[in-house]
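The values are calculated or read from the model by the stated rules, or taken from the named source; none is laboratory data. As the structure is a prediction and not an experimental result, all values here were calculated from the model. All Cβ positions, even for glycine, are placed from backbone atoms using ideal geometry, and neighbour counts span all protein chains on display.
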Amino acid sequence: MAGARPPAGGPAVSLTRVAARLTTPLAYVAVFGGLQVLLLWTLRAHVGTWVAAISTGGVLALLGLIVRVEGRWGLKLGVTAVLGALTAIGPTLVAVVQRPALGLTMEHDGLLQIESAIDRLLHGQPIYGVDWSTTPMARLPWNLTTDGNPALHHMAYFPLTILVGIPFRLLSGALGLPFDYRIVLIGFALVGLLAIAALPITAERRLMVTAAIYISPLITLYLWSGRNDIEFLAVVLLSLTLLSRGHPVLAAGALGIAVALKPFAWLAVPFLLVVVVMRWRAGQRRLELWGSLAALTIAPIVTIVPFLLVNPQAFWTDVVLYTSGGVPDAYPIQGYGFGEILYDAHLIAHRTDAFPFTAFQLAALVPVLWLAGRALVRRPTAGRWMAGYGGALFAFMFFARFFNDNYVAVVISLFLCVLPLGAASLGPPRAARAARLAA
């Protein structure tokens, strides 16, 4: 009968149940581990056959452990962390070791530019407003635009991305070893692993977050080739861990470092501030509020302002105008977002054309921030924090000039962490809430 309700216990599908069945340790390891192993075998000439073989055995062993052993989630988490380190860091180390003999194979152009920028800084030379056409980066092929790679004339990375590599460069030189910036990325990858291990959620859920980031080609594929997204992602995870453990000042300092590494981390700032303000209103000392605000700004001010003051025009052109379309040789419109749709529909004639993407970004971003912020206020949990940040990042990236494959991977990975993070509270301490209610 039309309009009749389905009988109790009938075939009505619950989206919540479907999501619950898909977000289990077994599903995460089976799906992401399977994809990771497949990719490792596909790229075995670059990442090493032994890495692919050991990773395959590790994934199968972990699946068997999850299926056959009841409980013991601490052991399972430990195996997952080791496997994550192997599949994420192992291929990266292989690429680092093989590079002097094989030359450039799968390296990203940004990796080469950062390495050249580190050398320039060590020699007291500028890194913004510089021609990079005589560096190793120029040897990589480019066919997206007819005038060559525009990055040869612009440095889009924030200064801290280069500065963190200097100690590693000096150490490599002292040891007589060739320098590869992926060593820095490995360090950040380890920070991210430790941050996940310290999350105040069950070992079962930490296993799932580890699998989503480190036993998944969504992030690790780009780590192997030297893209630096793992830097800001690891520090954002560290910030969330510190926040969920009741250390907002340290969390703000960590997020400030993430902001100084990559502008995408800015979109997590509103959600951090929501939690900090909630704690203050619940009775926490005002010193915590002001300390958090100060900690948030230290790293961006200390690392960005000096370079901005040295040559404001060069910094603004490279970091802002180049990525937003404000110069003739701007970063090309490409990827999987709104810009590519407009280009394919011939509403934009050339990939380097200017277009008011910012207006569309704001139109999409403001309602996401409003709705996600209200949801976080109603129930301040790590899952809602991550959902808000992932949603804001997606809105910002999709309507930008470019929504590259590695950006898509970051957004998907963040959303994959939402349900495992679950209801871990970011709210004020119970004692502070009780004191406020009693007042």
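Restricting attention to segment 189-226, the residues that are more than 18 Å from VAL418 (Cα to Cα) and either at pLDDT 95 or above or in a helix (DSSP H, G or I) (or both) total 11. From VAL327, VAL408, VAL377, VAL320, grab the single residue that is crowded, with 18+ Cβ neighbours inside 10 Å and not charged (D, E, K, R). One residue alone meets the criteria, VAL327.
All of ALA234, ALA254, ALA265 fail the test of being buried (at least 22 other Cβ atoms within 10 Å of the Cβ), in contact with a Ser or Thr (Cβ under 6 Å, 6 or more places away or on another chain) and of a type outside the set (Lys, Arg), apart from ALA254. Only one entry of ILE341, ILE348, ILE333 meets the criterion of being within 22 Å of the chain's Cα centre (by Cα) and either in the same structural domain as ALA423 (by TED's automatic domain parsing) or in contact (Cβ under 8 Å) with a residue 12 or more places away in the chain (or both), and that entry is ILE333.
Summed over segment 142-185, the residues that are touching a helix residue (DSSP H, G or I) at 6+ places or on another chain (Cβ under 8 Å) and among the acidic types (Asp, Glu) give a count of 1. Within segment 364-378, identify whether any single residue is within 17 Å of the chain's Cα centre (by Cα), modelled with pLDDT under 95 and either closer than 30 Å to ALA203 by Cβ or not assigned by TED's automatic domain parsing to the domain that holds MET278 (or both), and answer yes or no. Taking every residue of segment 364-378 in turn, none turns out to be within 17 Å of the chain's Cα centre (by Cα), modelled with pLDDT under 95 and either closer than 30 Å to ALA203 by Cβ or not assigned by TED's automatic domain parsing to the domain that holds MET278 (or both).
Considering only segment 23-76, state which residues are over 18 Å from ALA211 (Cα atoms), touching a residue at least 40 places away in the same chain (Cβ under 8 Å) and outside any helix (DSSP H, G or I). Answer for segment 23-76, where residues must be over 18 Å from ALA211 (Cα atoms), touching a residue at least 40 places away in the same chain (Cβ under 8 Å) and outside any helix (DSSP H, G or I): LEU43, GLY48. For segment 126-134, does any single residue satisfy the condition of being over 24 Å from VAL305 (Cα atoms), touching a Ser or Thr at 6+ places or on another chain (Cβ under 6 Å), assigned to a loop (DSSP other than H, G, I, E, B) and in the same structural domain as TRP316 (by TED's automatic domain parsing)? Within segment 126-134 (the criterion being over 24 Å from VAL305 (Cα atoms), touching a Ser or Thr at 6+ places or on another chain (Cβ under 6 Å), assigned to a loop (DSSP other than H, G, I, E, B) and in the same structural domain as TRP316 (by TED's automatic domain parsing)), the answer is no, since none of the residues qualifies. When segment 171-185 is filtered for residues that are surrounded by fewer than 20 Cβ atoms within 10 Å (Cβ to Cβ), part of a helix (DSSP H, G or I) and in contact (Cβ under 8 Å) with a residue 24 or more places away in the chain, only ILE183 remains.
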